[in-house]
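Accompanying notes for the structure given below.
The values are calculated or read from the model by the stated rules, or taken from the named source; none is laboratory data. Since we're looking at a predicted model, the values are computed, not measured. All Cβ positions, even for glycine, are placed from backbone atoms using ideal geometry, and neighbour counts span all protein chains on display. Keep in mind that these areas ignore ligands, DNA and RNA; they rest on the heavy atoms of the full protein, side chains included. Shrake-Rupley method; radii C 1.70, N 1.55, O 1.52, S 1.80 Å.
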Amino acid sequence: MKTYFKSQIKPTIAVLLLSALTLGSCENNEDLNLTSETTVSDKDIFKTPARIEGLVNGIYKALKGASLYGGRFLLYHDVRGEDFINVTANTYTGYESWNNSYSSGSNDINNLWSQAYTTINNANILIEGLATNTGVITDQKAAEYIGEAKFLRAVAYYSLIISYGQPYNKDAGASKGVPLRLKAETGTANNDLARSSVAEIYTQILKDLDDAEAALPQNYTSSELNTTRAHTSSAIAFKTRVYLSMNNWAKVIEEAAKLAPQTQAPFSTTATAVKHALQPDITVLFASNYTTVESIFSIPMSSLDSYTGQSSIAYIYNTNLEYYLNPTGILGDAQWATADARRALTRTVSGKQYFKKYAKPSPFLDYIPVLRYSEVLLNYAEAAAKTGNLTLATNLLKAVHARSDAAYVFSSTTTSDQTLLIEAIWKERRIELLGEGFRGPDLLRNLQALPAKGDSNLQAPEVTSAAVNYIFPAANTELATNKLY
């Protein structure tokens, strides 16, 4: 079904859709059961604290869309790499991403585009509305809500630009990116908007994240909220990812050092109220406790608010077994030894290894990770290695790897050679962050080809950085409504 965010999201509808969410990001259970309001005029949506909080929750809910951070966005980008082999050739479960055959009319392309811009527009509605409706909530609470909105807008724009825009490192962001929509839209009057450059999109993302860091609370009242709702370190951690995409090593180091000020293990956060650290057992993060201090920001699932069937990443990977792990990919690399605890996040079926990081059965209540502390350490390690601090880079790499395989030894040849050390860090990303949406973006930010892969049944050819299908095509829904695209 074709959708377009501006023709769908109107304030009167927004309160209906957003104020009674079961997202788990509210401050208490009563907020999850707000009285139904079926007729709320546009001028009334900011009249009560409950309605305002409903709008905030609605931004999280939009980001949680199945085609975005509800899980499928991670799938789209992981399977572009070489570590998953497709079994079903099912266009409804990411096959077109796996073999890089998307068109502007593909469901995935249009659904991802619509969901990201819905998130952005929900954030814009909240930001504009709080600026003109003062006194309903405290100034501090309003600032915190705006911080959350800007953080979520930044995450949504980053998802768009790494999908539909050329890599920043191709030409320092000079290529055309996507439309930069920063106004609340409740109709179709402003559909026509030219694309901003990739650099302009990155500039806005970083501005939003800097603003969010300054405005967000340092923590909440529970580990659940500290995991599912943005706080100070969420903005900092995401900045390390954005700067890494820009090869801005100095800024990666500056931001990462806020969360990992030490120069050797054990690395942990000291400056913010949430003290992030690696959970000793990685399997805990994906099975029994989704809210440890390693999980900086995750998308929650509940029995009342989860995805099933082909909308669920757990169904695609682990229930229906539509992709298996490539034996000649990272699964077969010596850096991922058989004694590594992360092997427990795979399972064998008919001689093939399948991915089970998301292993809950239906109704698929696995939380979806957006930011983990281990990623921050690996971002930091890469930036340190790129700037010649091989000792710090090695210590960070070893901290992540030793958590799951303390017996493994990185050779002195690897740790003393900048090129080999960076290659080891990249491998570690493929092991540690497997299935969390990083492989495709990592290839693109380094201007590397999307590798050929496949088996005797299905094959996907290599895609070079100069190819048209190196990035996703623009969505038909945008092309049909925006004459300036």
Computed over the Cα atoms of segment 356-409, the Rg and Dmax in Å are 15.1, 47
Could you sort Ser234, Ser350 by their accessible area in this structure, using a 1.4 Å probe and putting the largest first? Ser350, Ser234
Check: C-alpha center segment 359-378 vs C-alpha center segment 383-428, spacing in Å is 24
Using alpha carbons only, how many angstrom separate the centre of segment 222-261 from the centre of segment 63-83? 21
Would you mind computing, in nm to one decimal, how far apart the modelled labels at Asn90 and Thr132 are, each placed 7 Å from Cα along Cα→Cβ? 4.6
Pull out a ≥ b ≥ c, the square roots of the eigenvalues of the alpha-carbon gyration tensor of segment 369-478, then state rounded if a/c is under 1.5, prolate if not and a/b is larger than b/c, and oblate in the remaining case. prolate
Angle between the Cα long axis of helix 107-132 and the longest principal axis of the chain, 0 to 90 degrees, nearest 10? 50
If you average 1/r over all unlike Cα pairs in segment 159-202 and invert the result, what Kirkwood radius do you get in angstrom? 11.1
Based on the mean of other beta carbon atoms within 10 Å per residue, what is the order of 321-334, 411-424, most packed first? 321-334, 411-424
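Report in % the part of the accessible area of the chain that belongs to carbon and sulfur, leaving out ligands and nucleic acids; probe 1.4 Å.
C and S atoms contribute 52 percent here.
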Accessible surface of Ser268 - all protein chains present, 1.4 Å probe, nearest 10 Å²: 40
Hz values of 3J(HN,Hα) by residue in segment 334-348 - Karplus curve (6.51, -1.76, 1.60), Gly and Pro given as x: 5, 5, 9, 6, 5, 7, 5, 4, 6, 5, 5, 8, 10, 8, 9
Just to confirm the number: angle between the C-alpha axis of helix 418-432 and the first principal axis of the chain, 0 to 90 degrees, nearest 10? 60
Cα long-axis angle, helix 373-386 against the chain (0 to 90 degrees, to the nearest 10): 60
Which trypsin sites (Lys or Arg not before Pro) in segment 376-485 sit in a loop by DSSP (not H, G, I, E or B) and have at most 12 other Cβ atoms within 10 Å of their own Cβ? Lys483
Suppose we keep just the alpha-carbon trace of segment 143-294; what are its Rg and Dmax in angstrom? 17.2, 55
Suppose a student asked you for the relative contact order of segment 62-207, using Cα pairs under 8 Å spaced at least 6 residues apart; what percent would you report? 20
Global form of segment 428-485, assessed from the alpha-carbon gyration tensor, a/c cut-off 1.5: prolate
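Can you figure out the FRET efficiency of Thr270 with Asp171, using R₀ = 45 Å and their beta-carbon distance, to the nearest 0.05?
0.70
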The chain: calculated mean residue ellipticity at 222 nm from DSSP helix runs of at least 4, using -39500 (n - 2.57): -13000 deg cm²/dmol
What does the extension gain come out to for Gln353 and Ser416, with contour length at 0.36 nm per residue minus their alpha carbon separation? 19.3 nm
What residues from segment 97-122 fall in the zone where the backbone N is under 18 Å from a label point 7 Å along the Cα-to-C-beta line of Ala480? 103-118
What distance in nm lies between label points placed 7 Å from Cα along the C-beta direction at Leu304 and Asn289? 2.6
Provide the per residue accessible area, probe 1.4 Å, for the chain, rounded to a whole number of square angstrom. 36
Please tell me the relative contact order of segment 315-368 in percent, rounded to the nearest whole number, where contacts are Cα pairs under 8 Å and at least six residues apart. 40
Report the dimensions of the chain along its three principal axes from the alpha-carbon atoms, largest first, rounded to Å. 65, 48, 45
Which three semi-axes in whole Å describe the equivalent ellipsoid of segment 211-279, each the square root of 5 times a Cα gyration tensor eigenvalue, listed largest first? 20, 16, 10
